[in-house]
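Engineer: First, the structure itself, so that you have it in front of you.
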Amino acid sequence: MAKLMLYHAAPSRSSIIRWMLEEIGVPYDLQLLKLAEGEQHTPAYRAINPMGKVPALKHGDVVITEAAAICTYLADAFPQAGLNIPIGDKRRGAYLKWLFFGPSCMEPAVVDRAFPRKEEPRRGMLGYGDFDTVMDVVANAVEPGPYLMGNQFTAADVIVGSNLRWAMMFDLIPKRPEFVAYVGRFEQRPALQRATAADQALAAA
Ligand SMILES: N[C@@H](CCC(=O)N[C@@H](CS)C(=O)NCC(=O)O)C(=O)O
């Protein structure tokens with residue numbers, strides 16, 4: 001049995017972690033959950049993630065939930081994969097900013113746009129401000145390339161890249177040339193190709 005166990009459903013946000021694990025290149029096991037059958041709400045799984053959501057990752061006896069936290073954790077726990085910016089490196093500030101920006105700004109901006117609220121909240125009350133600013137900020141960050149942190153591909157790209165990939169796939173954001181070029185660079189990565197093929201096979205089964 002591998003030391004790492006991913007609680008997974010395909011396709012879902014846990015596919016982000018599958019990609020991350022393939023990038024790291026260590027063995028892992030999967031525990032599959034059928035979300036449509038409510039397996040994420042069983043008492044056994046709620047003991048792992050009380051939110052009743054995937055992904056969750058077990059590393060030995062450590063449990064981590066929330067996709068961006070899992071990616072941050074894995075990058076630090078397996079530094080030999082070169083996907084983290086270590087503590088003490090000045091670039092870690094920007095690296096952490098992008099890891100948090102995915103779930104705290106990009107995701108809510110995209111979801112709010114897909115499912116508009118009856119009453120428009122005040123910009124100052126929304127952590128992400130407004131959709132167009134979020135898109136402009138991300139476009140400016142990925143435009144120089146190849147990755148958010150320059151030449152180094154990091155866990156931040158797994159988070160921000162997954163967000164952009166998914167949102168463009170479902171036409172939830174404009175296919176800006178900066179986004180298309182950035183995401184296009186990932187499609188060639190063997191780790192993403194392995195994770196995607198394995199998840200497609202799971203989804204089809
Ligand atoms: N904030 C969580 C979101 C996780 C999430 O929403 N997962 C969805 C799948 S994409 C889920 O488990 N949905 C099942 C449910 O809510 O019942 C993260 O980033 O990990």
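Engineer: Convex hull volume of the Cα atoms in the chain, per residue, in Å³?
Structural biologist: 145 Å³
Engineer: Please work out the FRET efficiency for the pair ASP76 and LEU35, using the Cβ-Cβ distance as r and a Förster radius of 25 Å; give the result to the nearest 0.05.
Structural biologist: For ASP76 and LEU35, the calculated efficiency is 0.30.
Engineer: Roughly how many Å is it from the Cα centre of region 185-205 to that of region 64-107, as a whole number?
Structural biologist: The two parts, judged by their Cα centres, are 22 Å apart.
Engineer: Using unit Cβ charges (K, R positive; D, E negative) and no other charged atoms, how large, in debye to the nearest 20, is the dipole of region 92-189 about its Cα centre?
Structural biologist: 180 debye
Engineer: If the only charges are +1 at each Lys and Arg Cβ and -1 at each Asp and Glu Cβ, what is the size of the charge dipole of the chain around the Cα centre, to the nearest 20 debye?
Structural biologist: It comes to approximately 140 debye.
Engineer: Next question, about the same structure. Along the charge dipole of the chain, Cβ charges K/R +1 and D/E -1, which of ALA94, SER15, ALA36 sits furthest on the positive end?
Structural biologist: ALA94
Engineer: Which of the pairs LYS97/LYS175; LYS58/LYS118; LYS53/LYS97; LYS3/LYS34; LYS53/LYS118; LYS34/LYS58 have their Cα atoms more than 29 Å apart in this structure?
Structural biologist: Flagged as over cut-off: LYS58/LYS118.
Engineer: On to the next question. So what does MET169 come to for accessible area, using a 1.4 Å probe and Å² rounded to 10?
Structural biologist: 120 Å²
The values are calculated or read from the model by the stated rules, or taken from the named source; none is laboratory data. As the structure is a prediction and not an experimental result, all values here were calculated from the model. As a convention, Cβ positions derive from the backbone with ideal geometry for all residues, glycine included, and neighbour counts pool all protein chains shown. These accessible areas exclude ligands, DNA and RNA; they are computed on the full protein's heavy atoms, side chains included. Shrake-Rupley method; radii C 1.70, N 1.55, O 1.52, S 1.80 Å.
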